[in-house]
1. What are the residues in the stretch 186-199 that are surrounded by 15 or more Cβ atoms within 10 Å (Cβ to Cβ) and within 17 Å of Tyr164 (Cβ to Cβ), if any?
2. If I ask for residues that are touching an Asp or Glu at 6+ places or on another chain (Cβ under 7 Å) and either within 15 Å of ligand 2 (Cβ to nearest atom) or hydrophobic (A, V, I, L, M, F, W, C) (or both), which ones from the stretch 170-210 would you list?
3. List every residue pair whose Cβ atoms lie under 7 Å apart, where the two residues are 6 or more positions apart in sequence or sit on different chains, the first residue falls within the stretch 181-195 and is assigned by TED's automatic domain parsing to the domain that holds Ile62, and the second residue, located anywhere, is near ligand 2 (Cβ under 10 Å from one of its atoms).
4. Which of the residues that make up the stretch 74-83 are assigned to a helix (DSSP H, G or I) and touching a residue at least 40 places away in the same chain (Cβ under 8 Å)?
5. Residue check: is Val125 of a type outside the set (Phe, Trp, Tyr), crowded, with 18+ Cβ neighbours inside 10 Å and farther than 28 Å from Lys161 by Cα?
6. Hey, among Ile160, Ile140, Ile156, which residue is outside the structural domain of Leu204 (by TED's automatic domain parsing) and β-branched (Val, Ile, Thr)?
7. Might you check whether a residue that is part of a helix (DSSP H, G or I), at pLDDT below 95 and crowded, with 21+ Cβ neighbours inside 10 Å occurs anywhere in the stretch 98-106?
8. Pull up the stretch 182-204, narrow it to residues that are out of contact with any Pro (no Cβ under 8 Å at 6 or more places or on another chain) and assigned to a strand (DSSP E or B), then point me to the one that is farthest from Val144 (Cα to Cα).
Amino acid sequence: MRKDKEKFRVFKEVFSESTMRTIYKLSSDGYIDYIIGPISTGKEANVFLGKNFDGDSIAIKIYRIETSNFNNMWKYIYGDPRFEKVKKRRRDIVFAWAKKELKNLEIAFNAGVKVPEPITSRNNVLIMSFIGDSEMPAPIAKEVPPKNPNEWLKEILDYIKKMYNANLVHGDISEYNILNFNEVPYLIDFGQGVIKEYPLAEELLRNDIKNVLKWMKKLGVKTPDFEKVYKEITKGDSRNG
Ligand SMILES: Nc1ncnc2c1ncn2[C@@H]1O[C@H](COP(=O)(O)OP(=O)(O)O)[C@@H](O)[C@H]1O
Ligand SMILES: [Mg+2]
C-alpha cells in the first residue's frame, strides 16, 4: 500500500503535463519505446530504466522542473560561455541543465572516459545508455567499493586528466557518482560539469581531485600528494606554464 502511494507521489511530481509531452515527442522521434520503472530518485532528477525500439536498455534522466534547485543550477550555468544566452527563468535553466549534462557527457565520451553514452536531450529529459546488466543497474561505488582501489585510483585520475585535456571538469566526482560495473568505474552525473573557461573550473578540479584522494585513503590506498597529482593533471595546459 505505502509503496504504491509513494510511487504515485513520484509519478505526479515527475510526469507533469509538459514532461509527458516531451517524453511523447522523444518516443515519436524514435528514442523511447517504453519506460520500465524508476532506478533512482535524486534531489533534482529521477532516473528511469527504459527500452529503445531496438530493445536496448536506456537510462532516462528527468529533471523535475518545479522542485529542482534552479538557483544552484544557475550558479554553474552563468559564466559558462556555452550557455551565455540562457535567461534566468526556472524552466530555461532546468532545460539548459539537461542540455549541459548531455554536452558534458559528449565531451567525456569522446575523450575516451568510461561514461554512459550520450544519446539525446530534449527540454528537461536526458537519454543515455544504461550502465548495467540487462535490466539490473550497476551499483554506485559507495555501495559496492572496488576490489582493487589502487587500480581505480589510477583509472579515475586518468579520467580526470582526459577530461581536462578535452577542456572539461566534472565538478561533482565522488563515490556516489561512480558506478561499479563489474569492477570497471563509470563516471556519471555530469550536470555540474564546466569547461575550463568557467570562472570556478580550477576550484572544481581541485575539489574533484581532493574528493577522490580522500575516498581512496578511506579505502586503504597509500595516496599520492595532492599538489603532485594536480600538477600532473594540469601539466601541458598553457595557462599553467
Ligand atoms: N546511465 C545510467 N545507467 C544506470 N544507472 C544510472 C545511469 N545514470 C544514473 N543511474 C542511476 O541513477 C542514480 C542517479 O543518477 P545521477 O546522474 O547521479 O543523478 P542525481 O543528480 O540524482 O545524483 C545513480 O546513482 C545511478 O544509480
Ligand atoms: Mg548523482
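The values are calculated or read from the model by the stated rules, or taken from the named source; none is laboratory data. The model shown is predicted, which means the values in this text are computed figures rather than measured ones. Glycine gets a Cβ as well: all are built from the backbone with ideal geometry, and neighbour counts include every protein chain shown.
1. Leu187, Phe190, Gln192, Gly193, Val194, Ile195, Lys196, Tyr198
2. Passing the criteria: His170, Gly171, Asp172, Ile173, Asn177, Pro185, Asp189, Phe190, Gly191, Gln192, Val194, Ile195.
3. So the pair list comes out empty.
4. Within the stretch 74-83, Pro81, Arg82 meet the criteria.
5. When the stated conditions are applied, Val125 passes them.
6. Checking each option against the conditions leaves just Ile140.
7. No: the stretch 98-106 contains no residue that is part of a helix (DSSP H, G or I), at pLDDT below 95 and crowded, with 21+ Cβ neighbours inside 10 Å.
8. Once the filter is applied, the top-ranked residue is Val194.
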